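Some notes on the structure that comes next.
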Amino acid sequence: MGVKAGFVIPWYGESIPGGAESLCRSLVKALLGLGIQAEVLSTCVERFGSDWNHNFHPEGTTVEAGVTVRRFQVRQRDTAVFDQVNYKLMHNLPMTSADERVFVTEMINSPRLYEFIADRQADYVFLFIPYMFGTTYFGSQVCPERSVLIPCLHDESYARMHVMQQMCESARGLVFNSAEERRLAERLYHLDPTRLVVLGVPVSCDWSADAQRFRNKYGLSNFFLYAGRTEKGKGADLLVEYFCRYLGDTSCAEKLVFIGGGDLEIPQAFRSQIIKLGFLPVQDKYDAYAAAIGLCVPSLMESFSLVTMESWLAGRPVIGNAQCAVTKDFCNQGNGGLYFSDYSEFREILNLYVKDPGLCAALGANGRQFVLDNFRPDIVASRYRQAVSDWGFDLAGSDVLCTKSL
């Protein structure tokens, strides 16, 4: 008898934004697509930005877009004490062991979820995502020998806490989205290499894009694109700063278009050439990729980069930040883009892309093939099945094979 794959995440929903949230959805559906039994174990909290003391969803089991979701109530937490400790982490201030204990204890937690894991552990191998939440820390401690972490690790203060090191070192296995994420974990912790694997992220490839449709609908052409949250943590502020300098230096006609949420302010003098469209329908997003000269990916911290893969699937190159090892590594592996270390390199890449459409097409084609060869959902799901088997667990098959996108 095989076991189910139980994905444990603090919150779950089809429309919830976020990299870890999207990864969880895609992994569950990719495994279901191979006929493997997979479920989500989560809390009743709605999403990251919600009150973590509020049980938004009713407790119990539902089926959402073909995925079985089991939700458990959260316990009340001391938000004020947590915020004091989190302030230290956000500002890289010294932390004590007591501070670390406050962090994991007073963030989102669900004792009922942990009880379920203890009672039903024989039925599952548990996959916890991402690393820094109470559901992962305490949940993986219930039965570490059946716990696999998908940490979505970044080089940040949270990852350097001793409690996170202890958690990672006690897990049955760790799954990384990229080789650079694994290298980061190996620098931070003392890990058994037999418990570490790089499996990638399932990327939906069964879509097409129409560049002209986007140009006609939005009246935009000759532009660079940014896709994702328009906030400082994603490098959007650096991108605006550099693009404003680029406009001043070159008197060019190119525009910069932002798609996605966020409250980043655009300087008044540049609002005719730096345009925020907000959230777009999914097909419009794909069309935007195809219509762009290239995609700007200025973020310093990524454990993967889904937008990079989507841009490549649309046949367009990327412009990455050389200080983000993950994006830089993918640009080199896929030969699908260039990266900048400072403003002068940023300017030269933009100039090169504007002047050489053939280069852009070639880089985009390289990137597209790289995604198809490495990150199709069936490929990634097969890697997960093999990794879990290598750790001693056979995943059970579903009664119904799901082959379509859910």
### Message
Condition check: touching a Gly at 6+ places or on another chain (Cβ under 8 Å), touching a residue at least 24 places away in the same chain (Cβ under 8 Å) and not in a loop (DSSP other than H, G, I, E, B). Does residue 354 satisfy that?
### Response
no
### Message
Return the pair list, or none, for Cβ contacts closer than 7 Å from residues in the stretch 225-246 that are over 17 Å from residue 348 (Cα atoms) and part of a helix (DSSP H, G or I) to residues that are hydroxyl-bearing (Ser, Thr, Tyr) and at pLDDT 95 or above, at least 6 apart or on different chains.
### Response
236/226
### Task
Among residues belonging to the stretch 60-80 that are in contact with a Ser or Thr (Cβ under 9 Å, 6 or more places away or on another chain) and open to solvent by 50 Å² or more (accessible area, probe 1.4 Å), point out the one that is farthest from residue 29 (Cα to Cα).
78
### Summary
The correct count of residues that are touching a helix residue (DSSP H, G or I) at 6+ places or on another chain (Cβ under 7 Å) and part of a loop (DSSP other than H, G, I, E, B) in the stretch 266-285 is 4
### Message
Where the second residue is assigned to a helix (DSSP H, G or I) and not polar (S, T, N, Q) and the first is more than 17 Å from residue 360 (Cα to Cα) and modelled with pLDDT of 95 or more and lies in the stretch 308-328, which pairs have Cβ atoms under 7 Å and are six or more apart or on separate chains?
### Response
322/328
#### Entry: Residue in the stretch 135-182 that is farthest from the chain's Cα centre (by Cα), counting only those that are assigned to a helix (DSSP H, G or I) and basic (Lys, Arg)
146
### Task
Please list, ordered by first then second residue, the pairs with beta carbon atoms under 7 Å, 6 or more apart or interchain, first in the stretch 204-218 and open to solvent by 70 Å² or more (accessible area, probe 1.4 Å), second of a type outside the set (Asp, Glu).
206/405; 215/221; 215/291
### Message
Return the residues of the stretch 95-118 that are in a helix (DSSP H, G or I), aliphatic (A, V, I, L, M) and open to solvent by less than 30 Å² (accessible area, probe 1.4 Å); say none if nothing qualifies.
### Response
104, 113, 117
### Task
Kindly indicate whether any position in the stretch 360-371 is outside any helix (DSSP H, G or I), of a type in the set (A, V, I, L, M) and in contact (Cβ under 8 Å) with a residue 12 or more places away in the chain.
no
### Query
Of (1) without any contact (Cβ under 8 Å) to a residue 40 or more places away in the chain; (2) of a type in the set (Gly, Ala, Ser); (3) part of a loop (DSSP other than H, G, I, E, B), residue 185 satisfies all except one. Which?
(3)
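The values are calculated or read from the model by the stated rules, or taken from the named source; none is laboratory data. If you're wondering where the values come from, they're calculated on a predicted model, not measured in any experiment. Here the Cβ is made from the backbone with ideal geometry for all residues, glycine too, and neighbour counts use every protein chain on show. Surface accessibility is based on the protein's heavy atoms, side chains included, excluding ligands, DNA and RNA. Shrake-Rupley method; radii C 1.70, N 1.55, O 1.52, S 1.80 Å.
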